[in-house]
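Student: Quick one: structure below, then a few questions.
The values are calculated or read from the model by the stated rules, or taken from the named source; none is laboratory data. Everything numeric here is computed off the predicted structure, so don't read it as measured data. Backbone-built Cβ (ideal geometry, glycine too); neighbour counts: all protein chains shown. To get the accessible areas, we keep the full protein, side chains included, count just its heavy atoms, and leave off ligands, DNA and RNA. Shrake-Rupley method; radii C 1.70, N 1.55, O 1.52, S 1.80 Å.
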Amino acid sequence: MADHRRRGAGTTEPAAGELQVPASLGSLAAIASFVQAVAGRAGLDKHASYRLRLAVDELATNIVTHGYRGGAGRITVRGRAGAGRARIVVEDSAPAFDPVAGCLSPPADVPPERRRIGGLGIHLALTSVDEFSYVRRDGLNISTLTVKAEGTDPCLPRP
């Protein structure tokens, strides 16, 4: 069940802490709202917030489509905000999958139209965060993503 705090008429804002949702593409919007709320509490600028949201969205989409393969399942998202730093932990009970092992750097010597399909989304997600870790524990995939306000992505403009 989603952990929510009411805000205004007919809207909800994720509360600090935890969000549990069904593993479905329809849950991605709730996950994105939760991540944005955590990023906001951490004081991240729009670029750092976007990088975190992009990474979590890619990971959650992969959990739904490749992990559970559209079947029943749940995703738990925990958030922690500190001064200039946001940490998101994503847990699922789909078959074991280490995103780092599945992360493929795009081969520089192969034109885009000839590259293997798959793996690039995970590469994008993992390179957009400042810290990433994965562990399989007690039947759960546990991925931890951290973004700092100052960021480390040289491709994104600094405010």
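Student: Given a cut-off of 15 Å, what percent of all Cα-Cα pairs of the range 34-85 lie beyond it?
Tutor: Counting every Cα pair in the range 34-85, those more than 15 Å apart make up 50 percent.
Student: May I ask you to compute the full-extension gain from A32 to V89, defined as 0.36 nm times their residue separation minus their alpha-carbon distance, rounded to one decimal in nm?
Tutor: 19.2 nm
Student: What is the local net charge at V35, summed over the other residues whose Cβ is closer than 9 Å to its Cβ (Lys, Arg +1; Asp, Glu -1)?
Tutor: Computed value for this residue: 0.
Student: Taking all protein chains as present, what is the carbon and sulfur share of the accessible area of the range 20-72, in % to the nearest whole number, probe 1.4 Å?
Tutor: 55 percent
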